[in-house]
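These notes concern the structure reproduced below.
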Amino acid sequence: SQKIEQNSEALNIQEGKTATLTCNYTNYSPAYLQWYRQDPGRGPVFLLLIRENEKEKRKERLKVTFDTTLKQSLFHITASQPADSATYLCALDAGNNRKLIWGLGTSLAVNP
Amino acid sequence: DAGVIQSPRHEVTEMGQEVTLRCKPISGHNSLFWYRQTMMRGLELLIYFNNNVPIDDSGMPEDRFSAKMPNASFSTLKIQPSEPRDSAVYFCASSFYASGNTGELFFGEGSRLTVL
């Protein structure tokens, strides 16, 4: 069955360092992948989308890569700040019906 | 725009009671989604509408759950009768979908439901 895995353990890093979060998937070939940020008690907020024919996408301090051979996406936050602390979710398209399949998310804590 | 608006933000009810959750999508968006989020299962799609028409309700857990979208600016998710296992955060999201685009989702702040 289709499966998405994100780092289940919380990631703790020091301010200024680069945070790297992983999203792995199996038994699937998504046309695109999305990353969202979720703060406690709030709804997810869209960050970036990357298509299957794109290797890398950047937005300010964020960078997403998509390796369809490894079936993996990496999400990087450079020069991390305490305000980047949140849970980050990846979601894959489920084909032609608008459904997204979601990972459970990875909690990131950036320590000052 | 105020974004996606959900109500109530918190609901505590007793088993067997009817629960109605409400959502106002972003004006101009043509797709609306109801999700349920729990720690164990993450975000699960319950149902989605396109142009007010239900397209896929395969995620609705059972007949106790129903959703309606009477017009482009309002949707409800109803649980009747509610059970303790329905306790979760329910999110409504909207997007503008057109052929060829991927339609990023805009989520509301969620309705946290506790069924005792």
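One table, with the values for the structure above:
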item	result
Residue match in the range B:71-89 (condition: farther than 25 Å from B:Met15 by Cβ and among the β-branched types (Val, Ile, Thr))	no
Matching entry among A:Leu70, A:Leu74 (being in contact with a strand residue (DSSP E or B) (Cβ under 9 Å, 6 or more places away or on another chain), surrounded by fewer than 22 Cβ atoms within 10 Å (Cβ to Cβ), more than 14 Å from chain B (Cβ to nearest Cβ) and not in a strand (DSSP E or B))	A:Leu70
Search result, residues across the range A:64-112 that are at positive phi and of a type in the set (Lys, Arg)	A:Lys71, A:Arg98
Selection from the range B:75-97 of residues that are more than 11 Å from the chain's Cα centre (by Cα) and without any contact (Cβ under 8 Å) to a residue 60 or more places away in the chain	B:Arg85, B:Ser87, B:Ala88
Within the range B:68-94, considering residues that are farther than 25 Å from A:Gln38 by Cα and buried (at least 20 other Cβ atoms within 10 Å of the Cβ), the one nearest to the other protein chains (Cβ to nearest Cβ)	B:Met69
Candidates A:Lys55, A:Lys59 - the one that is surrounded by fewer than 17 Cβ atoms within 10 Å (Cβ to Cβ), out of contact with any Ser or Thr (no Cβ under 7 Å at 6 or more places or on another chain) and either within 14 Å of chain B (Cβ to nearest Cβ) or over 13 Å from A:Leu21 (Cβ atoms) (or both)	A:Lys59
Number of the exception - B:Glu104 against (1) away from chain A (no Cβ under 11 Å); (2) of a type in the set (D, E, K, R); (3) under 18 Å from B:Val4 (Cβ atoms); (4) touching a Leu at 6+ places or on another chain (Cβ under 8 Å)	(1)
Single unsatisfied condition, B:Gly42 versus (1) touching a residue at least 40 places away in the same chain (Cβ under 8 Å); (2) surrounded by 13 or more Cβ atoms within 10 Å (Cβ to Cβ); (3) facing chain A (nearest Cβ under 10 Å); (4) not hydrophobic (A, V, I, L, M, F, W, C)	(1)
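All of the numbers you see were taken from the coordinates with simple rules; none came from a lab. Predicted model only: the values in this text are computed from it and were never measured. Please note: Cβ atoms are built from the backbone with ideal geometry, for glycine as well, and neighbour counts cover all protein chains shown.
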